[in-house]
1. Between G78, G18, G274, find the one with the highest GNM mean-square fluctuation for the chain; connect C-alpha pairs within less than 10 Å.
2. May I ask you to give the solvent-accessible area per residue for the chain, in square angstrom, as obtained with a 1.4 angstrom probe?
3. How big is the gap, in Å, between the Cα center of the stretch 268-301 and the Cα center of the stretch 89-141?
4. Using 0.36 nm per residue of separation minus the Cα-Cα distance, give me the extension gain between L430 and R4 in nm, one decimal.
5. Pop out the ³J(HN,Hα) list for the stretch 395-407 in order, Karplus 6.51 cos²θ - 1.76 cosθ + 1.60 with θ = phi - 60°, rounded to Hz; leave Gly and Pro as x.
6. Explain nothing, just compute: Karplus ³J(HN,Hα) = 6.51 cos²θ - 1.76 cosθ + 1.60, θ = phi - 60°, for every residue of the stretch 275-290 in order, whole Hz, x for Gly and Pro.
7. Spelling out what I want: for every residue of the stretch 380-388, take phi, set θ = phi - 60°, compute 6.51 cos²θ - 1.76 cosθ + 1.60 (Karplus), and round to whole Hz; glycine and proline get x.
8. Accessible area of the chain with a 1.4 Å probe: how many percent of it is carbon plus sulfur?
Amino acid sequence: MAARRVVVTGLGIVSPLGVGIQHSWQNLLAGKSGIRSLVSEFPGMGYESLPSQIAGIVPRTGGIAGGGFDASEWLEAGDSKRMATFTQYAMCAARQALNDAEWAAPSDEQRERTGVCFGTGIGSLDDITANYAQFQAGGLRKVSPMFVPRILCNMAAGNISIRYGFYGPNHAVSTACTTGAHAIGDAMRFIRFGDADVMLAGAAEAPLQPLSLAGFSRIKALALGFNDRPEAASRPFDKDRAGFVIGEGAAALVLEELEHAKQRGAHIYAEVRGYGLSGDGFHITAPPADGAGAQRAMRRALQTAQISLADVAYVNAHATSTPLGDEVENCAIKSVFASNTRHDTLAVSSTKSATGHLLGAAGAVEAVFSVLAVAHDVAPPTLNLDTIDTSAGFDLNYVPHTAQERTINAALTNSFGFGGTNAALVFSKLECK
Ligand SMILES: *[C@@H]1O[C@H](CO)[C@@H](O)[C@H](O)[C@H]1NC(C)=O
């Protein structure tokens with residue numbers, strides 16, 4: 001029996017660039033930034049006293065038409081009380097993706113063949129801190145009965161399956177900033193292995209909370225010195241990059257077995273072609289200097305994709321805008337693509353320059369952007385790349401400032417997480433040999 005192939009038939013997104021594929025993708029290609037001041041957006045919340053006061057913030061105004069997140073448009077009455085913010089974003093992205101795929105699994109048999117693989121890196125820190133404060137002040141009776149269900153990291157996956165009655169595999173990945181990529185890769189495996197024909201895969205993160213900003217400040221990971229010009233703060237590959245900018249949001253993809261998609265006449269964006277995983281086995285936050293772990297993940301993804309290196313015309317880098325991380329990933333990309341790093345063939349960009357770093361959701365958001373890059377033959381830009389850091393070995397085409405139209409038969413996207421966990425995904429055009 002021939003191996004089962006897996007394709008993408010639906011997309012959904014909640015990002016700092018907007019709610020909905022159209023808003024996020026158009027704003028991304030137009031070079032807009034979703035990074036704003038937390039102090040102006042959420043005054044009096046306690047961000048004023050922190051060194052980093054900026055984030056990739058999901059727009060709250062404008063509703064569906066304007067690309068803003070309004071829970072009442074996406075959730076049943078009462079659900080916003082029962083669901084933590086990360087789950088609300090997940091529900092919104094999932095609904096978009098399922099609508100886009102036109103997949104409702106009407107029969108019980110189809111429901112059994114449809115599963116969910118949806119993760120989060122942190123879960124709901126918000127509910128933990130709020131309930132702890134209430135517990136301290138008023139004891140047991142002040143702890144919400146929704147506290148436990150709201151904080152569980154698999155609750156987005158649970159809520160999606162309850163809402164749509166999906167009875168297939170129900171799984172939640174939590175591997176820090178690699179979560180989204182792992183969720184999609186694992187979901188692809190469930191389909192290939194025969195556990196399901198359709199998987200709703202993705203990840204959500206809602207980390208905008210003074211305590212998490214404080215925590216990331218304490219490990220000196222965040223970009224400092226940009227509070228008065230937020231949109232300039234995330235500058236991967238640039239000489240003045242100074243750390244990452246935290247962000248929030250979610251993305252969802254409908255993955256489907258190829259024949260299943262063809263039989264029902266579904267629109268196919270791209271094939272999920274390759275998936276590679278690795279561990280650094282080195283340090284909790286720093287990668288080894290040669291990016292050996294990143295290289296292993298990329299090589300493995302390319303190997304499982306069985307694709308020619310020359311077809312991979314775009315790399316959506318993990319590049320979070322930290323001095324060391326960007327440099328090491330660049331070194332790893334150059335080593336893996338050594339025979340294909342000519343400026344006219346390979347484009348490498350970091351869309352975190354526009355969205356910030358969505359932690360657990362980053363891999364899912366960037367998978368969506370990579371799928372769209374393949375579907376529309378355009379490499380999205382790296383914003384703020386004013387002075388390419390050439391002395392640190394950055395000598396590829398990083399798509400500075402403006403999107404580049406080019407044939408993209410396949411795209412690779414990287415995700416790396418604390419703990420030293422790496423994943424790479426390869427998406428290709430269906431007809432790409
Ligand atoms: C979502 O999960 C919460 C528990 O966290 C539950 O109370 C609620 O009924 C669920 N809603 C849906 C639509 O699944």
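1. Most flexible of the set in this elastic network: G78.
2. With all protein chains present, the chain gives 38 Å² per residue.
3. What the calculation gives is 27 Å, centre to centre.
4. Here the segment from L430 to R4 would lengthen by 152.0 nm.
5. Whole-Hz 3J(HN,Hα) from phi for the stretch 395-407: 9, 9, 8, 9, 6, x, 6, 10, 4, 10, 7, 6, 5.
6. 8, x, 10, 7, x, 6, x, 9, 7, 5, 10, 9, x, x, 4, 8
7. x, x, 9, 6, 6, 8, 7, 10, 4
8. 53
The values are calculated or read from the model by the stated rules, or taken from the named source; none is laboratory data. Note that this is a predicted model, so its numbers are computed, not measured. No Cβ is skipped: glycine too gets one built from the backbone with ideal geometry, and neighbour counts run over all protein chains shown. The protein model used for the area step is the full one, side chains on, heavy atoms only, and it has no ligands, DNA or RNA in it. Shrake-Rupley method; radii C 1.70, N 1.55, O 1.52, S 1.80 Å.
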